[in-house]
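**Student:** Okay, handing you the structure first.
Any read-out appearing in this document is the output of simple, stated calculations on the displayed coordinates, not a laboratory observation. Model, not experiment: these values are computed from the prediction. Note that each Cβ is placed from the backbone with ideal geometry, even for glycine, and that neighbours are counted across all protein chains shown.
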């Protein structure tokens, strides 16, 4: 992370929300040398380098996304650490966790060292690494998980691919339990999804496309939670798309298992109808499902079964997406516009309120990947000054041409949303400010 700290920043008059401590009050936040030094009522006579009037805004811990594809190394034509983290701070995120499906795979200390060096040189926010479970993410040989955790990996995943072999999965879960790191599963039975490109159902039949059944996700999660009962440790389902997966997780949690899941903006808002007309911007992995699945996911966020929100930010080039539906890559960019989409899916529908949404985007993902003990996902005196200022009433229209990401692949072009990050502070420095929102 490349930043220079401003000596002092005073954020005045905002609604300070810190779900970790339960703080919810109108007050001031004082920052000095990258640390929060005071939360309360500042004197009118206090002198500081920068003063921000946050009246009418939320002042929250910096948002955390535990599931992001930065593409570097190997995919720099799609995204880089620099552009991906610029996208993050524009969306209000101060911490992201990058996935291991790079070239080379993040399965060695050398690749981790490269990413850390590039992040130190070019990143606009904090970057943590989720390392691979198997060598090359091939599922054939377990990665040196203990060594990768020792080198700083905050989670383990073969994201982009499932750990399909049951014996390998059992070994991975046991090892993750031993080193006390969460395993993050891309739940997709490869035998049930061969050649598939969208949800199995009437729309796929209409378009003449091979359908991707919800069962492909559910059977993997069912297998995994049964193994988790034997191995212990922590297990997390990425980008949940199916109502059936929600029920499996709900049952596992009732049994006392440390099984969690995340929801992404597109699965909370869209159905497979978005693919009609062969719209490749709506081609996702896992695919967009049905209205019943969308409602089940929203309800699961509301009742805590799904305790994390994550974008699965997956940039592709315009040329890659501009091909026939079956050949186009899966994925959507999400960091720049996620906050407004989450608010549209969950707050405007009455499922949760702003304090809970902030928890789902701060302390909950921070706990998932053991960053809360470093002060990430929290806003309190003595902790690093990673802060997001949000105008919850700002209505704006999503325009991919304004994204900081290299990617423009989104089906949300032209969608009006309410709620936007107007300032993002990382380690005491202003990393992003929306033009015209503050007078300093």
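**Student:** For n ≥ 4 DSSP H runs only, could you compute -39500 (n - 2.57) per run for the chain, divide by its residues and tell me the 222 nm figure to the nearest 500?
**Tutor:** Using -39500 (n - 2.57) per qualifying helix, the result is -8000 deg cm²/dmol.
**Student:** So what's Rg/Rh here for the range 262-389, counting alpha carbon atoms and using the Kirkwood radius for Rh?
**Tutor:** Looking at the range 262-389, the ratio lands at 1.03.
**Student:** Also: Within a 10 angstrom radius of the beta carbon, how do 406, 206 rank from fewest other beta carbons to most?
**Tutor:** Ascending number of Cβ neighbours within 10 Å: 206, 406.
**Student:** Taking the Cα centre of each part, how many Å lie between the range 69-131 and the range 178-251?
**Tutor:** 26
**Student:** Suppose R0 equals 45 Å; then what is the FRET efficiency for residue 251 and residue 121 from their Cβ-Cβ distance, rounded to the nearest 0.05?
**Tutor:** That pair, residue 251 with residue 121, gives E of 0.45.
**Student:** Need the full-extension length gain, residue 229 to residue 113, defined as separation in residues times 0.36 nm minus the C-alpha distance. One decimal, nm.
**Tutor:** Extending this stretch completely gives an extra 38.3 nm.
**Student:** For the range 53-196, what proportion of DSSP beta bridges, expressed in % and rounded to the nearest 5, is antiparallel?
**Tutor:** In the range 53-196, approximately 10 percent of DSSP beta bridges are antiparallel ones.
**Student:** Mind ordering 143-155, 66-78 by average Cβ neighbours within 10 Å, highest first?
**Tutor:** The peptides rank, most packed first, as 66-78, 143-155.
**Student:** Separate question: Stokes-Einstein at 20 °C, 1.002 mPa s, Kirkwood radius from Cα pairs: D for the range 206-304 in µm² s⁻¹?
**Tutor:** Calculated translational D: 151 µm²/s.
**Student:** Still on this structure, I have one more. Roughly speaking, what is the centre-to-centre gap between the range 30-61 and the range 386-422 when only Cα atoms are used, to the nearest Å?
**Tutor:** Distance between centres, Cα-based: 25 Å.
**Student:** Can you tell me what share of the DSSP beta bridges in the chain is antiparallel? A percent to the nearest 5 is fine.
**Tutor:** 50
**Student:** Using 0.36 nm per residue, how much length does the chain from residue 23 to residue 397 gain when fully extended, once their Cα-Cα distance is taken away?
**Tutor:** 131.5 nm
**Student:** Follow-up. Give me the log10 of I(q) over I(0) for the range 301-372 at q = 0.13, 0.15, 0.21, 0.25 Å⁻¹, as the Debye formula computes it from C-alpha points; what are the numbers?
**Tutor:** One equal scatterer on each Cα of the range 301-372 leads to -0.51, -0.63, -0.91, -1.09.
**Student:** Take the alpha carbon gyration tensor of the range 1-93, find the square roots of its eigenvalues, order them as a ≥ b ≥ c, and report rounded if a/c is under 1.5; if not, report prolate when a/b exceeds b/c, else oblate.
**Tutor:** Verdict is prolate for the range 1-93.
**Student:** Still on this structure: Which peptide among 258-268, 346-356, 275-285 comes first, and what is the full order, when sorted by highest mean count of other Cβ atoms within 10 Å?
**Tutor:** By packing density, highest mean first, the sequence is 258-268, 275-285, 346-356.
**Student:** Next question. Sorted from largest down, what three extents in whole angstroms do the Cα atoms of the chain have along their principal axes?
**Tutor:** In descending order, the Cα extents are 68, 46, 43 Å.
**Student:** Which shape class applies to the range 107-229: rounded if a/c is under 1.5, otherwise prolate when a/b exceeds b/c and oblate if not, where a ≥ b ≥ c are the square roots of the Cα gyration tensor eigenvalues?
**Tutor:** Since a/c reaches 1.5 but b/c is at least a/b, the shape of the range 107-229 is classed as oblate.
**Student:** Would you mind calculating the gained length between residue 292 and residue 326 on full extension (0.36 nm times residue separation, minus the Cα-Cα distance), in nm to one decimal? Don't skip to the end; give the middle numbers.
**Tutor:** Details: separation 34, 0.36 × 34 = 12.24 nm, distance 2.51 nm.
Result: 9.7 nm gained on full extension.
**Student:** In nm, to one decimal, how far is the residue 179 label point from the residue 302 one, both placed 7 Å along Cα→Cβ?
**Tutor:** In this crude label model, residue 179 to residue 302 measures out at 4.0 nm.
**Student:** By per-residue mean of other Cβ atoms within 10 Å, what is the highest-first order of 17-24, 120-127?
**Tutor:** The densest-packed peptide leads the list: 120-127, 17-24.
**Student:** Compactness ratio of the range 368-431: Cα Rg over 2.2 N^0.38 Å, N = residue count?
**Tutor:** 1.42
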